[in-house]
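Beneath this line is the structure, given in structure tokens, with notes to follow.
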Amino acid sequence: MQKYNPAKIEKKWQAYWEEHGTFKTSEKPTKKQYILDMFPYPSGAGLHVGHPEGYTATDILTRFLRMNGYSVLHPMGWDAFGLPAENYAIKMGVPPDETTAKNITRFREQIKAIGLSYDWSREVNTSDPNYYKWTHWLFLLMYKNGLAYKKEAKVNWCPKDNTVLANEQVVNGHCERCGTQVEQKLLSQWFLKITDYTERLLNDLDALDWPNPIKAMQRNWIGRKEGVIIEHRVKDLGLKLETFSAFPAWLFADTFIVIAPEHPLVTQLVEGTGNEPAVQAFIEETKLITADERNQDKFEKKGVFTGRYAIDPFSGLEMPIWVANFALMDFGTGIIRCSAHDPRDFEFAQKYGIELHEVVDRTNESEPVNAHDNSGVLKDSGSFTGRNIDKALIEEMLDWMEQEGFAKRHVTYKLRDWLISRQRYWGAPIPIIYCDACGMQPVAEPDLPVNLPTDVDFVPTGESPLTRSKTFHEVNCPKCAGPARRDSDTMDTFVDSSWYYFRYTDSNNDKEFAGKDKINTWLPVDTYVGGAEHAVLHLLYSRFFTKVLFDLKLIDFEEPFVKLRNQGLILGPDGEKMSKSRGNVINPDDIIKEFGADSLRMYEMFMGPLEDSKPWNTNGLIGLKRFLERVWVWVNDNKQSTAVDSELVSRELHKLTKKITNDIQSFNFNTAISAFMKFYNNVKGESVSKQTLQTFIILLYPFAPHITEELNEILGGVQSVQHSDWPQYNAELASESQADIVVQINGKTKDKLQAPLDATEDDIKTIALSLDKVQAALQGVEPKRVIVVPGRLVNIVI
């Protein structure tokens, strides 16, 4: 018998699949599934063992679906524009188009070595002009429909490098490149009007088969708040302030007001108070807090008194007005009523000695009741005193406020329009032309794509590198044909990845971003798998793009991804996230060379539930490779079998078929692999039929495709296992009528038994004590106790 040789077998079958186009997608499917992985950034480091986890999961599902009669679209491509690729190019001192092409070749080789069944004929690359031509087209589609616009906005600015930084380039408030404190600066920037879709993005989450934590993260990011806007007269000043409160039941507790430092009314408020210098210094200090830090509430809360008071319309009392760094201009009205019942307000008031008043008695002496809980019995709240806070009371209070003219209902959101301008080189140029005579003009569609120039230094120096190109800017106006100039900015890489799933359906189309017939055939994506780190931005932007295309009648569905599943992180052997700086990165090339791709695939699926984070342990691979070696010997030893299966073998096979079928569909791959091992252990001493071996091979194929292809050939198979029909099971034979029970003496396993599920504890004790191995171990000693864990364990204590 030939020894199991993963290196030889895996290369053989990978070549076979490529030569025979085994995984090529059907052009006219009768029953379709679109299974998609989040495509990777082709960084210079190549893949580490964390990458194949999700890819292996979708590969198992894809192979399974094909054997169940589905035509499956399962593509792969590259999120090649953007900061990761550009920063690597800067580090290497090589143009990013060269480093990216080299990295893609490396990634592709690694992925193929794992045996993943992608249809490579549909590969996309977001930095390819044939791809970003349609990124341009989609931008212009939004521009022409009022969804892309330009305005001044605050950005992260590095004063040393004189450049705009993406949030990802800001580390603890400092520039990742030079360590300088980042400031906020107003610049003219491009936006996409995602806020037009806020309510639909929020409400449509309910119908999606997505993990609840992901949906919760999107809801929090959108940040819908129902509340009231309340008008206040400023004492000794002919000025009125509109404040926002999301907790109307607690308004009788409010004692002070905070206003955002950038609010246009700040100047009027402080004029003539003598507090102007202190307020202006505070405003300059606040500019050092990045937008990301403010949105995530990661900074010390500070403020300065304006010298003014507002009159509370409810009580007539004076409320001091403070400029505070935690008041955000883009939340509510930028002016907020504050009280003891908000932990942040409470902390701020204690810091600056502001008077507080509580309207619900404390349950914890050390701190007031939190208004965010919206529960308790009101006190000192006018006619509402003594009432329990609930939905009915809140509605009654809102009605009263509106009737009395104190307030008006208002809904606010945290979500803001999507800033897509990047003053970087490696991205799709914004396809807009500026003409002195005609103003802003879109690039004409026949002139797309706007190719990136190559006559520039791509290292950022304070403005977009495209600004310095001699060939890029001198163009004619599309409207008057006079001299004009291109926009110098490139687009956020999230724009590229917000529509790539459309392109896979028709990746070679040079007439449109994808043909409507191809879109209608394959989309929406049936199952999407990727990391939870993309829970908000990528997934939210993709949903936005899809809804825009639906509204413009280019597609007939509103959500891009029907089902979403997340894989957890594979951590380094030290339990920390894999990174070069920690020295804990495991290269899959090394694992494949030593253990084989099938062992790698099996181990990654066996480590634990797909969605959990788990540490890498190379020793765990040894057990999986040994299991495959045992399967190799078992099949080879029985390849000439003429046996008829016993009832045990038949029942175990049907149970296995049911288990694997269900576990693949529910993404419980770790328990599926346990079932393979259990089956092998239960039948290895039995005579098995050739048909049973073939069925076992088919069931194992999605998990370990190389060894099963080889074993299928050894058994006389003449075509790829991929073309086999998925085994069916007999429900009666697959039912668990008996339980496998481990028998221990003083905690050490001695034997096992099978007992009917409805067996009594006394029945199980009797069977356990009668086992030959147990009798031999007892040597006539009478047990002190016999402990039965129903369906699982008998422990005999002597």
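Read-outs throughout are calculated quantities, based only on the coordinates presented, and are distinct from any laboratory measurement. This structure is a prediction, so every number in the text was calculated from the model and none was measured. All Cβ positions, glycine included, derive from the backbone under ideal geometry; neighbour counts span all protein chains shown.
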(message) What does the extension gain come out to for Arg630 and Arg233, with contour length at 0.36 nm per residue minus their alpha carbon separation?
(response) 134.6 nm
(message) Sort 593-606, 194-207 by packing, meaning the average of other beta carbons within 10 Å per residue, with the highest value first.
(response) 593-606, 194-207
(message) With just the Cα atoms defining each centre, how far is region 515-566 from region 265-339? Give it in Å.
(response) 41
(request) Along Cα→Cβ, 7 Å out, is where each label goes; now give me the distance between the ones at Glu611 and Glu176 in nm to one decimal. (result) 2.9
(request) Report the full-extension gain for the segment Ala481 to Arg792: residue separation times 0.36 nm, less the Cα-Cα distance, to one decimal in nm. (result) 103.7 nm
(request) Quick one: grab Rg to one decimal and Dmax as a whole number for the chain, Cα atoms only, in Å. (result) 32.7, 107
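I'd like the per residue volume of the convex hull spanned by the Cα atoms of region 591-681, given in cubic angstrom.
In region 591-681, the Cα convex hull volume per residue is 102 Å³.
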(request) Taking the dipole about the Cα centre of the chain, with the C-beta of Lys and Arg at +1 and of Asp and Glu at -1, give me whichever of Trp522, Cys175, Ala216 is farthest to the positive side. (result) Trp522
(request) Using a Förster distance of 25 angstrom, determine the FRET efficiency expected from the C-beta separation of Glu109 and His20, and round it to 0.05. (result) 0.80
(message) I need the phi-derived Karplus couplings for region 310-317: 6.51 cos²θ - 1.76 cosθ + 1.60, θ = phi - 60°, integer Hz, Gly and Pro marked x.
(response) 9, 8, 6, x, 7, 10, x, 6
(message) So if I place +1 on the C-beta of Lys and Arg and -1 on the C-beta of Asp and Glu, and nothing else carries charge, what would the dipole magnitude of region 489-534 be about its Cα centre? I want it in debye, nearest 20.
(response) 240
(request) Tell me the Kirkwood hydrodynamic radius of region 1-159 in angstroms, computed as one over the mean inverse distance between distinct C-alpha pairs. (result) 18.6
(request) Could you go through region 331-341 in sequence order and give the Karplus-derived ³J(HN,Hα) for each residue, using 6.51 cos²θ - 1.76 cosθ + 1.60 with θ = phi - 60°, rounded to whole Hz, and x for Gly and Pro? (result) 10, x, 9, x, 10, 10, 6, 10, 8, 5, 8
(message) Between 0 and 90 degrees, rounded to the nearest ten: what's the tilt of helix 96-113 against the longest Cα principal axis of the chain?
(response) 30
(request) State to the nearest 20 debye the size of the charge dipole of the chain about its Cα centre, where the only charges are +1 on K and R beta carbons and -1 on D and E beta carbons. (result) 1780
(message) Return the Rg/Rh ratio of region 84-161 with Cα-based radii and a Kirkwood Rh.
(response) 1.10
(message) List the pairs from Lys240/Lys287; Lys225/Lys391; Lys32/Lys518; Lys12/Lys593; Lys31/Lys518 whose alpha-carbon separation is above 18 Å, in the order I gave them.
(response) Lys240/Lys287
(message) My understanding is that a pair violates if its Cα-Cα distance is over 28 Å; which of Lys235/Lys302; Lys655/Lys752; Lys102/Lys580; Lys8/Lys655; Lys193/Lys580; Lys215/Lys408 do that in this structure?
(response) Lys8/Lys655; Lys193/Lys580; Lys215/Lys408
(message) Along the charge dipole of the chain, pointing to its positive end and built from +1/-1 on Cβ of Lys, Arg, Asp and Glu, which listed residue (Ile335, Leu65, Gln779) has its Cα farthest out?
(response) Gln779
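Can you tally the net charge around Ser26? Count Lys and Arg as +1, Asp and Glu as -1, for every other residue whose Cβ sits under 11 Å from the Cβ of Ser26.
+3
What are the semi-axes of the equivalent ellipsoid of region 693-798, taken as the square roots of 5 times the eigenvalues of the Cα gyration tensor, listed largest first and rounded to whole Å?
Equivalent ellipsoid semi-axes, largest first: 42, 17, 10 Å.
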(message) If each residue of separation counts as 0.36 nm, what is the full-extension length gain between Lys31 and Thr467 once their alpha-carbon separation is subtracted?
(response) 151.9 nm
(request) Quote the charge dipole size of region 24-150 about the Cα centre in Debye, to the nearest 20; the model charges only the Cβ of Lys and Arg (+1) and of Asp and Glu (-1). (result) 420
(request) Could you pull out the trypsin sites (Lys or Arg not before Pro) across region 738-798 that fall in loop regions by DSSP (anything but H, G, I, E, B) with no more than 16 other Cβ atoms inside 10 Å? (result) Lys784, Arg792
(message) Quick check: the angle from helix 669-683's long axis to the longest principal axis of the chain, C-alpha only, nearest 10 degrees?
(response) 10
(request) Post the alpha-carbon centroid distance, region 762-798 to region 1-66, in whole angstrom. (result) 49
(message) Quick check: the angle from helix 705-714's long axis to the longest principal axis of the chain, C-alpha only, nearest 10 degrees?
(response) 20
(request) Collect residues whose amide H, placed 1.01 Å from N in the peptide plane, falls under 5 Å from the amide H of Tyr34; neighbours closer than 5 in sequence don't count. (result) Leu73, Asp526, Thr527
(request) Please state, to two decimals, what the Cα-based radius of gyration of region 292-440 comes to when divided by 2.2 N^0.38 Å (N = residues). (result) 1.45
